[in-house]
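The values are calculated or read from the model by the stated rules, or taken from the named source; none is laboratory data. Everything quoted here is computed from the prediction, not taken from an experiment. Here the Cβ positions follow ideal geometry from the backbone for every residue, glycine too, while neighbour counts run over all protein chains shown.
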Amino acid sequence: MNKKAIIIGAGPAGLTAAYRLRKTAPDVDVAVFEATERIGGISTTINHNGNRMDIGGHRFFSKSKIVNDLWNEIMPVQSSAVNPEKTDNVMLIRNRVSRIFFRRKFFDYPISIKPATFRNMGLVNTVKSGFSYLVSAVGKRPENSLEDFYINRFGKHLYRMFFEDYTEKVWGVHPSKLSPSWGAQRVKELSVLAIIKEIFLKIFAPHRETKQTSLIERFLYPKFGPGQLWEIAAAKAEEIGAEIRLNSIVTGIQAENGKIRSVTVNCGGKTENFSCDYLFSTMPVKDLAAAMGNAVPEAVRRIAADLSYRDFITVGLLVKRLKLKNETKIKTVANIIPDCWIYVQERDVRIGRLQIFNNWSPYMAADNENTVWIGLEYFSNEGDELWNMPEKEFIDFAVNELAKIGIIDESDVLDSVQVKYPKAYPSYFGSYSEFDVVRNYLDGIENLYCIGRNGQHRYNNQDHSMLTAIEAVNLLKSGETDKSAVWNVNTETEYHEGK
Ligand SMILES: Cc1cc2nc3c(=O)[nH]c(=O)nc-3n(C[C@H](O)[C@H](O)[C@H](O)COP(=O)(O)OP(=O)(O)OC[C@H]3O[C@@H](n4cnc5c(N)ncnc54)[C@H](O)[C@@H]3O)c2cc1C
């Protein structure tokens with residue numbers, strides 16, 4: 001008789017596990033339980049009246065061959081043979097443009113040293129930045145916090161201008177209270193010195209491949225957004241025998257003699273029990289431990305319960321036009337600004353980032369020529385004032401903010417939608433410093449595999465999430481009980497998108 005694997009969550013990790021299991025371990029039956037009505041998890045696409053938006057913008061970029069091959073198997077990359085005008089199942093090759101909006105002006109992201117930067121900063125700020133950089137270059141501080149990390153690389157003045165407020169917007173915590181390891185992962189090689197070096201290399205060796213991540217300029221993107229790829233992946237997994245049930249929330253997990261035996265699922269209001277031989281979990285570790293109840297030792301339960309997250313609210317706005325002019329040399333449809341997304345560093349608004357979905361794919365807006373479909377991003381904590389604001393009030397607030405900083409006219413808004421996504425970012429504070437206790441306990445449960453982003457409480461991108469699933473399937477097939485390979489994904493300290 002076939003063994004049975006249950007997978008919690010139909011996001012990139014859960015679907016990759018389902019597909020790989022059915023493809024490479026045909027003697028294992030697969031059932032995926034997904035809490036929501038949607039496929040794709042955080043990498044889903046919302047279709048609002050024909051305008052499509054991501055939960056944030058999702059670049060497809062990986063240095064892993066196995067991930068790139070899998071993406072290509074699900075959705076071929078555009079080429080002379082695969083033309084986006086003729087087929088929908090196509091991965092577009094896109095150019096990344098993203099800038100910082102600060103003091104109602106654009107700055108390059110990452111900050112570059114060129115006349116426009118100094119012009120936008122003004123003489124006083126430029127001089128102050130230069131001096132404070134020199135001060136930090138001669139007297140490096142011990143790196144005990146993210147604040148120290150940034151000041152060592154950029155100087156106090158640039159840090160105050162470009163990092164301090166934005167980091168606090170994203171995490172809800174001041175950078176002086178965040179671990180420097182977050183910076184080490186995201187911007188390790190970025191600093192004033194690195195920027196100067198990059199400028200020289202650009203002049204003297206323009207064709208060389210850039211090493212740093214923040215300077216990657218191309219990425220892949222499904223014609224209709226990330227959710228399209230994951231819906232195709234789900235259909236492919238179903239074709240080869242995986243069962244995927246939506247609106248099915250795993251609420252209880254039963255273990256016996258060091259193994260998971262069954263799960264309790266709320267299937268659209270009806271509670272059912274399902275036995276299993278293997279369990280793959282992409283649900284948040286906090287919820288997983290809670291679902292296992294008293295079987296979990298007290299210390300593990302406490303640490304898991306205290307794990308913290310950052311929640312995400314996005315507003316899709318359809319507007320007739322943006323008030324910002326395209327002053328770049330980059331050509332765009334209707335000459336809108338070319339950015340895929342903009343970091344909003346303005347201090348007088350709460351918005352953190354702005355997505356322009358027309359620039360992610362010209363097929364994201366129902367009318368790409370005459371409307372601009374944008375995504376306003378807010379970082380919040382479940383239960384705080386932003387989270388609790390009624391939808392209409394929140395949309396009005398968001399529209400107001402964008403009008404205030406001169407990006408739109410309120411009268412140009414044609415349509416809107418709000419989407420809230422809890423636990424979008426696993427946080428590296430709270431009880432995270434004790435996370436190994438939880439991990440060791442979960443790893444000791446032989447037939448349980450914790451995979452993906454919230455499944456591992458790690459800042460995993462889609463490719464990492466997929467790789468954890470692939471490693472877990474390999475372990476299952478080999479019978480290996482040491483789960484290190486699953487946790488070793490995404491552990492290099494440098495940022496991972498660099499190829
Ligand atoms: C704003 C933002 C921007 C991002 N940008 C990028 C990017 O540019 N490129 C990139 O590669 N990655 C990006 N990511 C990361 C990417 O979204 C994740 O890596 C990926 O979606 C994680 O996949 P996953 O399957 O592990 O988890 P998720 O996507 O979180 O999916 C987990 C699924 O499990 C379900 N679930 C949870 N609890 C239960 C339960 N109890 N029962 C049943 N189902 C349950 C959830 O509903 C969800 O569908 C971004 C993330 C965010 C927040």
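Of all residues in segment 143-163, those being surrounded by fewer than 21 Cβ atoms within 10 Å (Cβ to Cβ) and assigned to a helix (DSSP H, G or I) number 4.
Only helices (runs of 4 or more DSSP H) whose full extent lies in segment 356-436 are considered here, and none of them has at least 2 residues that are hydroxyl-bearing (Ser, Thr, Tyr) and either surrounded by 19 or more Cβ atoms within 10 Å (Cβ to Cβ) or at positive phi (or both).
When Val77 is tested against the conditions (1) away from the ligand (no atom under 13 Å from the Cβ); (2) surrounded by 22 or more Cβ atoms within 10 Å (Cβ to Cβ); (3) among the β-branched types (Val, Ile, Thr), the lone failure is (2).
Residue count for segment 56-105, restricted to those that are farther than 15 Å from Phe224 by Cα, within 18 Å of the chain's Cα centre (by Cα) and among the small types (Gly, Ala, Ser): 3.
Is it the case that segment 421-430 has a residue that's hydrophobic (A, V, I, L, M, F, W, C) and modelled with pLDDT of 95 or more? For segment 421-430, residues hydrophobic (A, V, I, L, M, F, W, C) and modelled with pLDDT of 95 or more: present.
Conditions (1) in a strand (DSSP E or B); (2) in contact with a Leu (Cβ under 9 Å, 6 or more places away or on another chain); (3) more than 14 Å from the ligand (Cβ to nearest atom), marked per residue:
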residue	(1), (2), (3)
Gly252	yes, no, no
Val263	yes, yes, no
Leu279	yes, yes, no
Met283	no, no, no
Asp287	no, no, no
Asn294	no, no, yes
Arg302	no, no, yes
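Considering (1) modelled with pLDDT under 60; (2) of a type outside the set (A, V, I, L, M); (3) more than 20 Å from the chain's Cα centre (by Cα), the lone condition that Lys236 does not fulfil carries the number (1). Filtered by the rule that a residue be within 8 Å of the ligand (Cβ to nearest atom) and not charged (D, E, K, R), segment 17-38 gives Phe33, Ala35, Thr36.
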